[in-house]
Amino acid sequence: MKHIFISKSLFFPEQGILAIGDLHVGYEQSLIESGILVPEMQIKEIIEDLRQIIEKIKNQGFHLKKVVFLGDIKHYFNYEWKERFNFDKILDFLRDFVKDSDIILIKGNHDKFDFSGKKMKNYYFNSGIMFFHGHMSFPQIFDERVKTWVLGHLHPSVILSDKANVKREKYKCFLTGKFKGKEIIIVPSFFGIVEGTPVNEEGYEKEEFSVIPGSEIRNFEVHAIGEDGKIFDFGKVKKLM
């Protein structure tokens, strides 16, 4: 078993690595400042989601050794003290399960400040797997030792509809495929307020804001996340367009 999807996270049992997509800590605050009144539940929900995921890892007989955050940990492009305060709560929670040195922070396009006190990385390599955000490329990700890319950034989701196209619902999803000779796994965003960007909407193939062009995404496999956290495979993106 190379990897398993656990709710919104990706786990590699052999390496004991848990990969977490974009958190965007501070997103709720940005909504409030723009006049949209929402309860501040983001951090509480993130920690509870992580608690359940770690419990599932334990119940399946696996051992959690490292946690990798795939970038866009924070939402604001400038410095916001509250983002740092709230992310520290998440780090404090995780330190009960893994050593501080085994919490890896990848730098995303929103992470202009490394307010965590840890040195953020552009990428992290372990056992043939390259973890990075996905908004920009690095020569190291093409090394022949790298067999698999794990990235976030795209906030992938999929729109599913009935035959009459009357009822349409959007779900976060994982995407898997191949690109440049590498196995690719794209992880959904971890924050729950917004489902993400539908990859099966018309025009998505023209998007070029990731190291993987939208035209390539059409050939990727969709693994949608149901309301109960179960994963449902729907075949290739292009079949859902």
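The values are calculated or read from the model by the stated rules, or taken from the named source; none is laboratory data. Predicted model only: the values in this text are computed from it and were never measured. Neighbour counts run over all protein chains shown; Cβ positions are idealised from the backbone, glycine included. Note: accessible area is taken over every heavy atom of the protein model, side chains too, but ligands, DNA and RNA are not part of it. Shrake-Rupley method; radii C 1.70, N 1.55, O 1.52, S 1.80 Å.
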Translational D in µm²/s for segment 127-177 (Stokes-Einstein at 20 °C, 1.002 mPa s, Kirkwood Rh from C-alpha pairs) | 160 µm²/s
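Past the 29 Å Cα-Cα mark, which pairs from Lys65/Lys178; Lys2/Lys239; Lys56/Lys172?
The pairs that break the limit, which is 29 Å between Cα atoms, do not exist here.
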Separation of the Arg51 and Glu169 label points, Cα + 7 Å toward Cβ, nm = 2.6 nm
Phi-derived 3J(HN,Hα) across segment 214-231 with the Karplus relation (6.51, -1.76, 1.60, θ = phi - 60°), rounded Hz, x for Gly and Pro, is x, 5, 6, 4, 4, 8, 7, 8, 9, 10, 7, 9, x, 4, 8, x, 6, 9
Binned Cα-Cα distances of segment 135-241, short to long, each 10 Å bin given as a whole percent = 14, 48, 29, 7, 1
Going by accessible area, probe 1.4 Å, with all protein chains left in place, what is the ranking of Thr148, Thr197, largest first?
-> Thr197, Thr148
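Rounded to the nearest 0.05, what FRET efficiency do Glu201 and Gln60 give with R0 = 51 Å and r taken as the Cβ-Cβ distance? Could you check?
0.90
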